[in-house]
Amino acid sequence: MTRSFDFRTFVMENIPLIGLIVLMAAVSLYSPNFLTVDNLLNILRQTSINAIIAMGMTFVILTAGIDLSVGSILAFAGAVCASMIAADTPLIVALLTTLVIGAALGAASGSIIAFFGVQAFIATLVGMTMVRGLVLVYTDGRPISTGDFDVANSFYEVGGGYIAGIPIPVVIAGVVFLACWYVLNYTRLGRYVYAIGGNEQVAQLAGVNVSRVKVIVYAISGALSALAGIILTARLESAQPTAGLAYELDAIAAVVLGGTSLAGGRGRITGTLIGALIIGVLNNALNIMDVSSYYQMIAKGAVILLAVVLDGRSKATSK
Amino acid sequence: MKKLFGLATATAMLLGSTAPSFAADTLALVVSTLNNPFFVTLKEGAEGKASELGYELLVLDSQNDPAKELAAVEDVLNKDVKLLMINPTDSDAVRSAIRAANRKDVPVVTLDRGASGGEVVSHVASDNVQGGEMAAELVNSTFEGTAKVVELQGVPGTSAARDRGEGFNKGIDAVEGLSIVASQAADFDRTKGLNVMENILQAQPEIDVVFAHNDEMALGAIKAIEAAKRDILVIGFDGTDDAVAAVNDGTMLATVAQQAGMIGALGVETADKILKGEAVPEYTPVPLKLIQK
């Protein structure tokens with residue numbers, strides 16, 4: 001057994017990261033406006049929303065589940081939060097209430113999956129549809145502005161402010177990342193999540209309370225979707241009834257790009273972060289290079305396909 | 001006797017077709033919803049024109065429900081209506097209602113939203129191409145013929161995005177000093193308007209004005225421009241409440257608005273022509289207006 005640096009193994013294990021670096025290098029050759037501090041912070045800020053959702057989605061997918069309701073929960077949380085801010089609710093109360101609502105909506109989906117044996121795809125599809133309906137009822141189909149109180153100005157900072165030159169959404173995403181990384185790697189809950197995804201029956205036999213873990217996992221996903229909804233609403237100073245449409249697809253793409261298996265049990269939260277960055281860089285680069293919108297979708301699909309195929313091959317060969 | 005009767009009907013028909021004001025024919029207007037100021041204005045425009053031309057106007061509200069819409073159409077077809085004007089709740093769902101009118105030989109005119117099936121004599125709706133041209137003219141007059149322009153497009157492939165973009169590009173291309181430095185889709189969405197505009201701001205050091213295919217994207221772009229502390233004017237499209245408020249407080253230069261009342265009025269005018277046997281175009285464009293401070 002050699003301890004020396006094995007370049008081939010390193011490449012095989014870090015396909016997503018290398019893909020991100022190659023992509024960034026290619027774009028910076030093409031456009032001088034890409035690799036600037038301003039634009040990199042801009043990309044991080046735009047990516048933070050998808051990254052936060054995708055980190056919750058990672059928990060779900062690690063248990064071999066899926067959560068399609070994230071976009072609807074994001075929109076509902078945003079709408080509730082905006083109306084609370086507009087009613088001059090203290091900031092901390094509004095934020096915590098919104099997070100609890102998101103967790104509760106997620107836990108509801110999780111309970112349907114855990115206790116009624118409904119497949120995650122179906123249960124969260126139902127959640128996605130019903131919560132979107134709630135959003136439309138609650139907002140009456142119109143945007144909700146956060147209003148003119150002082151609390152609205154401090155609320156804007158959640159999405160538009162900076163801490164030591166770093167956009168606050170990026171700071172929040174960083175904290176969420178560290179928390180998720182810690183939970184998945186150093187806590188019992190993290191081990192249970194991997195165990196359930198690896199083999200649910202074995203986990204059950206080994207004494208893991210599978211139902212409870214599932215409810216917790218979907219609650220985490222719901223709460224993080226609500227957090228993303230708060231940031232989005234703060235950035236726009238208004239909540240949109242159509243916010244978050246198709247966000248579940250970007251989140252799932254980020255998780256899969258990061259090398260997490262849709263079959264569950266295998267994957268890393270760092271991969272998800274890189275996956276989200278690949279999508280963020282791609283969106284930014286296509287805009288900066290002024291690529292025609294008709295070609296953008298083809299380009300996005302091609303990059304995702306390439307990354308997943310390369311990653312799949314590296315896993316197959318390293319076995 | 002028989003001859004006399006024939007003469008009488010012929011006279012009645014003649015009178016009926018040349019002077020509808022004597023007969024007070026009834027037109028039906030089925031509106032998708034009256035719970036939205038836009039469609040209330042549309043209805044009022046139709047009512048005004050109908051009384052001017054001497055028609056009875058029967059108005060029914062579908063409450064955004066295709067089932068209620070079909071029931072409303074079936075109800076009016078059982079009364080003696082000469083023509084059906086319909087503002088569909090949904091282009092596909094309205095087809096069965098239109099076929100019901102076709103079976104009874106009642107001519108149909110669609111307002112604002114088109115139908116994907118059934119026989120429709122004429123469609124009356126805003127002229128999006130002209131709206132795009134108006135925005136380009138405003139850019140031209142505001143910047144006296146020299147400006148770097150960004151275009152935020154709607155969902156690629158939709159008729160609104162295509163038409164508004166076509167008119168705008170035509171107007172910009174016609175003036176030598178105006179150039180579009182970036183043209184990107186933000187899917188009619190405020191969040192995407194914000195993100196896409198942020199990216200374009202990174203790429204383009206010089207931008208004078210943004211034209212967005214709808215107000216939602218324009219409002220998102222304004223947030224991006226404010227955060228970047230750049231000095232760029234924004235033009236939207238639709239004249240939504242939020243956008244009109246933004247125009248009034250000076251954050252938005254203008255919004256191109258549809259004239260709901262005129263859609264209703266032109267609908268009745270078209271109906272009048274059809275009943276008089278005059279030829280009408282398949283599509284009657286309704287002009288838009290610029291809302292500025």
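The values are calculated or read from the model by the stated rules, or taken from the named source; none is laboratory data. These numbers come from a predicted model, not from an experiment. Ideal geometry is used to build each Cβ from the backbone, glycine not excepted, and the neighbour counts take in all protein chains shown.
Quick notes on this structure:
- Restricting segment A:97-147 to residues that are surrounded by 23 or more Cβ atoms within 10 Å (Cβ to Cβ) and of a type in the set (S, T, N, Q) leaves a set whose member that is nearest to the other protein chains (Cβ to nearest Cβ) is A:THR146.
- Screening B:GLU69 on (1) buried (at least 17 other Cβ atoms within 10 Å of the Cβ); (2) modelled with pLDDT of 95 or more; (3) outside any strand (DSSP E or B) shows it passes everything except condition (2).
- Residue in segment B:235-247 that is more than 14 Å from chain A (Cβ to nearest Cβ), of a type in the set (Ser, Thr, Tyr) and outside any strand (DSSP E or B) present: no
- Residues being more than 14 Å from A:GLN46 (Cα to Cα), at pLDDT 90 or above and touching a Cys at 6+ places or on another chain (Cβ under 8 Å) are entirely absent from segment A:247-256.
Matching residues to (1) under 22 Å from B:THR33 (Cα atoms); (2) in contact with a Ser or Thr (Cβ under 8 Å, 6 or more places away or on another chain); (3) within 14 Å of chain A (Cβ to nearest Cβ):
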{"position": "B:ASP215", "(1), (2), (3)": "yes, yes, yes"}
{"position": "B:ILE225", "(1), (2), (3)": "no, no, yes"}
{"position": "B:ILE232", "(1), (2), (3)": "no, no, no"}
{"position": "B:TYR283", "(1), (2), (3)": "no, yes, no"}
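- Among the conditions (1) within 19 Å of the chain's Cα centre (by Cα); (2) modelled with pLDDT of 95 or more; (3) aliphatic (A, V, I, L, M), B:ALA260 misses just one, which is (2).
- Some residue of segment A:280-300 being part of a helix (DSSP H, G or I), more than 30 Å from A:THR146 (Cβ to Cβ), charged (D, E, K, R) and at pLDDT below 95: yes
- Check on A:ASN287, buried (at least 23 other Cβ atoms within 10 Å of the Cβ), in contact with a helix residue (DSSP H, G or I) (Cβ under 9 Å, 6 or more places away or on another chain) and within 28 Å of B:LEU201 (Cα to Cα): yes
- Total residues in segment A:1-57, condition part of a loop (DSSP other than H, G, I, E, B), surrounded by 19 or more Cβ atoms within 10 Å (Cβ to Cβ) and away from chain B (no Cβ under 13 Å): 0
- Looking only at segment A:218-251, and only at residues there that are in a helix (DSSP H, G or I), among the aliphatic types (A, V, I, L, M) and touching a Leu at 6+ places or on another chain (Cβ under 8 Å), the one that is nearest to A:ILE196 (Cα to Cα): A:ALA223
- Taken together, B:ALA224, B:ALA203, B:ALA186 contain a single residue that is closer than 23 Å to A:VAL281 by Cα and in contact with a Phe, Trp or Tyr (Cβ under 9 Å, 6 or more places away or on another chain), which is B:ALA203.
- Of the residues contained in segment A:73-80, none is found to be aliphatic (A, V, I, L, M) and without any contact (Cβ under 8 Å) to a residue 24 or more places away in the chain.
- For the residues B:ILE180, B:ILE207, B:ILE222, the requirement of being in a loop (DSSP other than H, G, I, E, B) and either in contact with a strand residue (DSSP E or B) (Cβ under 6 Å, 6 or more places away or on another chain) or closer than 24 Å to B:ILE291 by Cα (or both) singles out B:ILE207.
One line per residue, one yes/no per condition, for (1) within 14 Å of chain B (Cβ to nearest Cβ); (2) surrounded by fewer than 16 Cβ atoms within 10 Å (Cβ to Cβ); (3) free of Cβ contacts under 8 Å to residues at least 60 places away in the same chain; (4) out of contact with any strand residue (DSSP E or B) (no Cβ under 9 Å at 6 or more places or on another chain):
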site: A:TYR192; (1), (2), (3), (4): no, no, yes, yes
site: A:GLY197; (1), (2), (3), (4): no, no, no, yes
site: A:ARG212; (1), (2), (3), (4): no, yes, no, yes
site: A:GLN240; (1), (2), (3), (4): yes, no, no, no
site: A:VAL255; (1), (2), (3), (4): no, no, no, yes
site: A:GLY265; (1), (2), (3), (4): no, no, no, yes
site: A:GLY275; (1), (2), (3), (4): no, no, no, yes
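- Residue selected from segment B:137-177 under the condition within 14 Å of chain A (Cβ to nearest Cβ), small (Gly, Ala, Ser) and under 23 Å from B:GLN292 (Cα atoms), by the criterion nearest to the chain's Cα centre (by Cα): B:ALA161
- Qualifying residue in segment B:256-273 (condition: of a type outside the set (Lys, Arg), away from chain A (no Cβ under 14 Å) and in a strand (DSSP E or B)): yes
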